[in-house]
Amino acid sequence: MREHTSCAIRPMQTQDLEMVLAWRNHPAIRQHMLTQHLISLDEHRQWFERANNNAQRKIMLVEHENSPFGLVHFTGVSPHASADWGFYVAPDAPKGSGTLLGHRALAFAFEELQVHKLCGQVIAENAASIRFHERLGFTLEGRLREQVWVQPHHHDLLCFGLLRREWLATSCAEG
């Protein structure tokens, strides 16, 4: 896996539920989430059904050679809107998969969904996700002090944003 152009992005399907749940419940993924309990298959199905019935939500899988390796979801989606995103790669995904997911997801958000701005929130202790957002061109826009409770205490939440025009400027320069 070298180029994001070799990656496809597609809507998550019902048949993907168990695979995605296994990723989401893996300790390496779960430790960085705002909700860290083990999610049941029933709870996961309900989340998926609610999301599929909401036109402003998109749950997508990123894959290489028809093999899914990551999930990205967007909320607040409509043309010219500011949308939120969240993501994770499979715990066994090869090194570099996160970057591929990021580039493919940004292309999808800005080219296909036509969002104006993409926003991400990161628990302040998640150094890898902070670096990830910065490498993709996001700007740190704020810190919400002690915003979220994740055992055993409250954590600051960092807010990142990337404008479509900023992404276009960097993606045209790279390509």
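The values are calculated or read from the model by the stated rules, or taken from the named source; none is laboratory data. This structure is a prediction, so every number in the text was calculated from the model and none was measured. Note that each Cβ is placed from the backbone with ideal geometry, even for glycine, and that neighbours are counted across all protein chains shown.
Data for the structure
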| item | result |
| --- | --- |
| Selection from the range 1-33 of residues that are over 28 Å from residue 110 (Cα atoms) and more than 18 Å from the chain's Cα centre (by Cα) | 18 |
| Test: residue in the range 16-33 that is β-branched (Val, Ile, Thr), over 26 Å from residue 151 (Cβ atoms) and at pLDDT 95 or above | no |
| Identity of the residue in the range 19-42, of a type in the set (D, E, K, R) and either surrounded by 12 or more Cβ atoms within 10 Å (Cβ to Cβ) or in contact (Cβ under 8 Å) with a residue 24 or more places away in the chain (or both), that ends up farthest from residue 53 (Cα to Cα) | 30 |
| Lone unmet requirement of (1) surrounded by fewer than 21 Cβ atoms within 10 Å (Cβ to Cβ); (2) in contact with a His (Cβ under 9 Å, 6 or more places away or on another chain) for residue 63 | (2) |
| Subset of the range 34-64 (residues that are under 25 Å from residue 107 (Cβ atoms) and either out of contact with any strand residue (DSSP E or B) (no Cβ under 7 Å at 6 or more places or on another chain) or among the aromatic types (Phe, Trp, Tyr) (or both)) | 48, 52, 54, 55 |
| Residue ID - farthest from the chain's Cα centre (by Cα), chosen from residues in the range 48-61 that are assigned to a helix (DSSP H, G or I) and under 12 Å from residue 12 (Cα atoms) | 49 |
